[in-house]
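Asker: Take a look at this one; I'll ask things after.
The values are calculated or read from the model by the stated rules, or taken from the named source; none is laboratory data. Please read all numbers here as calculations on a predicted model, not as lab measurements. Quick reminder, even Gly has a Cβ in these numbers, built from the backbone with ideal geometry, and neighbours come from all protein chains shown.
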Amino acid sequence: MRHVSNPEYTHERLGEKFAQAISDYDTERRVTVLVNEFLTPRVLTGKRVLDVGTGLGFFAEALQDNGAKVTAVDIGEGMLQRVRNRIGCDCRRVDALELEAHFGRESFDIVLSSECIEHTPNPRLALQQMCSVLRPGGYLSISTPNVVWYPIVRLATLLRLRPYDGLENFSTFNSIRSVLAREGMTVLKEKGLHLFPFQFHLNTLSRWCDDHAQPLKSLMINLCVLAMKM
């Protein structure tokens, strides 16, 4: 594995603080979109799926519950041990920037990654690696924060309103599309989540905006994309 900088291990270093800081509502919304809306049990059953940057394993759990054969990867061994103990899926310490070296090309039917690529030094390379290990006809389901919101997130960090202090390299729909196009991927669906911060606890209104304000998806906090490898 390449040398991983200390900021990339922030989730691992935070430990319980990270588990306590995440939003159940935000996690549920991303699971709903990336797993239930984008993939569905019909697509997942019996398929070999790679969960990149598994963290606490919420997506690995949802994928496995929908019949997938899940391999969960992360750079934090502590995170992986939590997932092993709670979910029991195959867990491996693998860098998101070195997926092909570890698994080989075209090894998975589906690759899912939520809120991972922004915590790497090179989100574009992370996307390329995910595309590389995906078989032709396979699906990539990802989410990552919108660069439009970076100044606000950065300010919240400086004011110590959030515990996270690691790498945060946010993206746009256009930057994601450009990488996927070069890798022979066709974008099938795009969806924005959270027109305003979920910390406002206006969950009913936020969900309504997710469902009815998609013309504003490029302004939303989280960018969700489903693509197929041709």
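Asker: With the stretch 13-103 as the region, which strands (runs of 3 or more DSSP E) entirely inside it contain at least 2 residues that are among the aliphatic types (A, V, I, L, M), at pLDDT 95 or above and in contact with a strand residue (DSSP E or B) (Cβ under 8 Å, 6 or more places away or on another chain)?
Answerer: Those strands (runs of 3 or more DSSP E) span 48-52, 69-74.
Asker: Residue 151: modelled with pLDDT of 95 or more and part of a loop (DSSP other than H, G, I, E, B), yes or no?
Answerer: Criteria not met by residue 151.
Asker: Next question. Restricting attention to the stretch 75-94, which residues are of a type outside the set (A, V, I, L, M) and free of Cβ contacts under 8 Å to residues at least 40 places away in the same chain?
Answerer: 81, 82, 84, 85, 86, 88, 89, 90, 91, 92 - these are the residues of the stretch 75-94 that are of a type outside the set (A, V, I, L, M) and free of Cβ contacts under 8 Å to residues at least 40 places away in the same chain.
Asker: In the stretch 217-224, is there at least one residue being surrounded by 14 or more Cβ atoms within 10 Å (Cβ to Cβ), free of Cβ contacts under 8 Å to residues at least 40 places away in the same chain, assigned to a strand (DSSP E or B) and within 15 Å of the chain's Cα centre (by Cα)?
Answerer: The answer is no, given that none of the residues of the stretch 217-224 is surrounded by 14 or more Cβ atoms within 10 Å (Cβ to Cβ), free of Cβ contacts under 8 Å to residues at least 40 places away in the same chain, assigned to a strand (DSSP E or B) and within 15 Å of the chain's Cα centre (by Cα).
Asker: So which residues in the stretch 206-216 are in a helix (DSSP H, G or I) and farther than 21 Å from residue 156 by Cβ, if there are any at all?
Answerer: Result: 207, 208, 210, 211, 212, 214, 215, 216.
Yes or no, residue by residue, for (1) more than 19 Å from residue 188 (Cβ to Cβ); (2) touching a residue at least 40 places away in the same chain (Cβ under 8 Å); (3) buried (at least 19 other Cβ atoms within 10 Å of the Cβ):
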residue: 11; (1), (2), (3): yes, yes, yes
residue: 19; (1), (2), (3): yes, no, no
residue: 25; (1), (2), (3): yes, yes, no
residue: 35; (1), (2), (3): no, yes, yes
residue: 61; (1), (2), (3): yes, no, yes
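Asker: Also, I was wondering about something else. Taking residue 179, is it in contact with a Leu (Cβ under 9 Å, 6 or more places away or on another chain), assigned to a helix (DSSP H, G or I) and either closer than 25 Å to residue 71 by Cβ or of a type in the set (Asp, Glu) (or both)?
Answerer: yes
Asker: Could I ask something else about it? With the requirement that a residue be touching a residue at least 40 places away in the same chain (Cβ under 8 Å) and either surrounded by fewer than 17 Cβ atoms within 10 Å (Cβ to Cβ) or touching a Pro at 6+ places or on another chain (Cβ under 7 Å) (or both), what does the stretch 125-143 give you?
Answerer: Matches in the stretch 125-143: 135, 136, 137.
Asker: Just one of 44, 39, 50, 97 is in contact with a Phe, Trp or Tyr (Cβ under 6 Å, 6 or more places away or on another chain) and in contact (Cβ under 8 Å) with a residue 60 or more places away in the chain; which is it?
Answerer: Going through 44, 39, 50, 97 in turn, just one is in contact with a Phe, Trp or Tyr (Cβ under 6 Å, 6 or more places away or on another chain) and in contact (Cβ under 8 Å) with a residue 60 or more places away in the chain: 50.
Asker: Take residue 86 and tell me if it is out of contact with any Asp or Glu (no Cβ under 6 Å at 6 or more places or on another chain), closer than 25 Å to residue 146 by Cα and surrounded by fewer than 19 Cβ atoms within 10 Å (Cβ to Cβ).
Answerer: Criteria not met by residue 86.
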